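The values are calculated or read from the model by the stated rules, or taken from the named source; none is laboratory data. Predicted, not measured: the structure shown is a model, and the values here were computed from it. Every residue, glycine as well, gets a Cβ built from its backbone with ideal geometry; the counts of neighbours run over all protein chains shown. Just so you know, the surface numbers come from the protein's heavy atoms only, side chains and all, with ligands and any DNA or RNA stripped out. Shrake-Rupley method; radii C 1.70, N 1.55, O 1.52, S 1.80 Å.
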Amino acid sequence: MKTKQLTIYGMLVALTVALSLTILIPVPATNGFITLCEAGIYTAAVLFGPIGGLAVGASSGLLIDLLSGYPQWAIFSLLIHGLQGYIAGSCSISTPKRQFIGLFLGSTVMVIGYLLAGWLLYDWPAGVASVPGNIIQNIVGIGLAYPITASMRRIQIKHQQ
């Protein structure tokens, strides 16, 4: 991995964590929370493919949980958000249709992953209770990732000229 690429991933992780800690909505039924981390994960996945999605997803998911006082979720977030970013990035480099499929599959992995993690940590009602919030979190994240990605592509094109 090149230094420039690693630096970009680090900056996206920092921005994702900062955004997520700024808007953190606790969900007592799941002993978890809702954030805007998907915006950063999906932006990285669309712009930098599966490795960018994996790096930003896994790192930001882990750090958000540790910094916000939910360490019981940290390992689950590392795995779930890492896989989410990897899958989204695997499909997101080519056509808009494949990009949408990648974001949909990444969202599905995240929702199912947290359903299973909540079930494991707190029993099945907590896992089921996480589903609506996680669906909304993904929809908002996708909605934010599109304009962020478009802006970053314009900046990149201007910077290269």
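Please verify whether residue 49 is on the phi > 0 side of the Ramachandran plot, of a type outside the set (A, V, I, L, M) and in contact with a helix residue (DSSP H, G or I) (Cβ under 9 Å, 6 or more places away or on another chain), treating the condition exactly as stated.
So residue 49 passes the test.
How many of the residues making up the range 89-126 are open to solvent by less than 70 Å² (accessible area, probe 1.4 Å), within 14 Å of residue 46 (Cα to Cα) and touching a residue at least 24 places away in the same chain (Cβ under 8 Å)?
Of the residues in that region, 8 qualify.
Could you grab the pairs with beta carbons closer than 8 Å, sequence gap of 6+ or different chains, first residue in the range 127-149 and within 26 Å of residue 47 (Cβ to Cβ), second one outside any helix (DSSP H, G or I) and hydroxyl-bearing (Ser, Thr, Tyr)?
137/35
Out of everything in the range 20-41 that is in contact with a Ser or Thr (Cβ under 8 Å, 6 or more places away or on another chain) and part of a helix (DSSP H, G or I), what residue ends up being surrounded by the most Cβ atoms within 10 Å (Cβ to Cβ)?
That would be 41.
Give the number of residues within the range 49-66 that are open to solvent by 10 Å² or more (accessible area, probe 1.4 Å) and not polar (S, T, N, Q). Break it down stepwise before answering.
Within the range 49-66, the first condition is being open to solvent by 10 Å² or more (accessible area, probe 1.4 Å), and the residues that meet it are 50-51, 54-55, 58-59, 62-63, 66.
This time we only want the ones that are not polar (S, T, N, Q), so: 50-51, 54-55, 58, 62-63, 66.
Matching residues across the range 49-66 total 8.
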